[in-house]
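Right, one structure below, let's go through it.
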Amino acid sequence: MAYQFDARFFDGKSIQSIQANIEITKESLKICLDDPNRKLEWPKQSLQLLERPYQGKPAVIGCKLMLGARLIVESSEAFAQILPLIPSRNIKLSHVHHPWRITWLLLVALIVVIFSPIWHLPLVSMWIANVIPYSWEEDIWNTEVKDRFVGAPECVSPQGKNALNKLVTQLSKVSNTKHKFDIRVIESPNFVNAESTPGFHIFLYSGLFKMGSPDSVAGVIAHEMGHSLKHHVIASFINQMGIRTFYKTIFGVSRENIAFDFLNLKFHREYELQADKIAIDLLTKAHINPIGYRQAMEYLAKNAKEYKGLEPYLLDHPTHQERMELVPKDKNNKKMAPSLTKEEWQALKSICDTTVPIVYK
């Protein structure tokens, strides 16, 4: 007879837990929620041990097929029944299997003590973001952020994707990083924006293609690459939310709304200006006319409304005029060919002719 017990279940989307009945079989965990028609099954090869029972705290079990979801197991007997099902490679964040954990935590504690008086300074946050292992950033993307984009309408017209890949390849080759950029377009014709997320994942919103040239779009892409290259998302999170919350996220005990926090971060002026300068450098090295970046800022200055009466925004961003002045008008190199041909530019603007829901394997 299969072993059964009760546990709390989080679906990764709501902060509220659901009482669930769990059945342990030889091949899976079967989760029965309050509605008899709502049943989930987590195959054993997909199970993850996120936290062992520790100092009175319950065990936390996850599933690779349902990222962000959590099963809170209070019973030590139930945990003993589940543990043999979990593949050893999926036991990543336990107290027992990571002897270096205490060393890192001691280092973190030392950093907090030293830097707590000046914690709000962006340079401190940036320094920490650039010394932590990159794998942590990718773990945060996988466990806390990725699910927020699942199901969004991704623009995938073949000719449009080819044009986008051409721009991304040109810029990636001169970015001097071993990490691959994952850049996708989301259908949102009235939203002129782009955003960086942890782990070199960048999203462009199709409203960007209202800009008048491919070089302008290339300037926006290069700017977002600059944020990724300098790990500004992680630095901003550390700066705004504090290092204790950050390290809780790393070690699998984050608050349920942590993904919302990531997607609503604002970068500091220093970070924005740094990303601007990196963008201009990347464009220049990739032989893309940097005047396109200025044209992008001119378009935003003409059409965006974020500066009208919103003082908090001005505290976090340089003005469009400041950003335009990074590329003076006389820097326009009219001899430089556009980054895309007319046909490729038209294909990029039509990339949303075909859309599919975003799915991550």
By residue number, the members of region 35-71 that are more than 21 Å from the chain's Cα centre (by Cα), surrounded by fewer than 16 Cβ atoms within 10 Å (Cβ to Cβ) and part of a loop (DSSP other than H, G, I, E, B) are ASP35, PRO36, ASN37, ARG38, GLN55, GLY56
Working only within region 177-205, note down all residues that are closer than 23 Å to PRO133 by Cα, in a loop (DSSP other than H, G, I, E, B), touching a helix residue (DSSP H, G or I) at 6+ places or on another chain (Cβ under 8 Å) and not aromatic (Phe, Trp, Tyr).
THR177, HIS179, LYS180, PRO198, GLY199
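Consider region 159-204. How many of its residues are hydroxyl-bearing (Ser, Thr, Tyr) and over 24 Å from VAL327 (Cα atoms)? First the steps, then the outcome.
To start, the set of residues in region 159-204 that are hydroxyl-bearing (Ser, Thr, Tyr) comprises 169, 172, 175, 177, 188, 196-197.
With over 24 Å from VAL327 (Cα atoms) added as a condition, the list becomes 177, 188, 197.
Final tally of qualifying residues: 3.
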Could you list all residues from region 193-238 that are over 16 Å from ALA275 (Cα atoms) and over 19 Å from the mean Cα position of the chain (by Cα)?
GLY207, LEU208, PHE209, LYS210, MET211, GLY212, SER213, PRO214, ASP215
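Before we move on, is ASP215 in the same structural domain as TRP345 (by TED's automatic domain parsing), among the acidic types (Asp, Glu) and surrounded by 22 or more Cβ atoms within 10 Å (Cβ to Cβ)? Outline the logic, then answer.
Values: in the same structural domain as TRP345 (by TED's automatic domain parsing): yes; among the acidic types (Asp, Glu): yes; surrounded by 22 or more Cβ atoms within 10 Å (Cβ to Cβ): yes.
Against the criterion (in the same structural domain as TRP345 (by TED's automatic domain parsing), among the acidic types (Asp, Glu) and surrounded by 22 or more Cβ atoms within 10 Å (Cβ to Cβ)), ASP215 qualifies.
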Sole exception among (1) surrounded by fewer than 21 Cβ atoms within 10 Å (Cβ to Cβ); (2) aromatic (Phe, Trp, Tyr); (3) within 13 Å of GLU224 (Cβ to Cβ) for PHE200, by number:
(1)
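Determine, yes or no, whether VAL174 is surrounded by fewer than 19 Cβ atoms within 10 Å (Cβ to Cβ), touching a Lys or Arg at 6+ places or on another chain (Cβ under 7 Å), at pLDDT 90 or above and of a type in the set (A, V, I, L, M). Before you say what the answer is, go through the steps one by one.
Numbers: surrounded by fewer than 19 Cβ atoms within 10 Å (Cβ to Cβ): yes; touching a Lys or Arg at 6+ places or on another chain (Cβ under 7 Å): yes; at pLDDT 90 or above: yes; of a type in the set (A, V, I, L, M): yes.
So VAL174 passes the test.
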Looking at region 72-93, is at least one residue part of a loop (DSSP other than H, G, I, E, B) and at pLDDT below 85?
yes
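The values are calculated or read from the model by the stated rules, or taken from the named source; none is laboratory data. These numbers were taken from a predicted model, which means no experiment stands behind them. Positions of Cβ are generated from backbone atoms using ideal geometry, with glycine treated the same way; all protein chains shown enter the neighbour counts.
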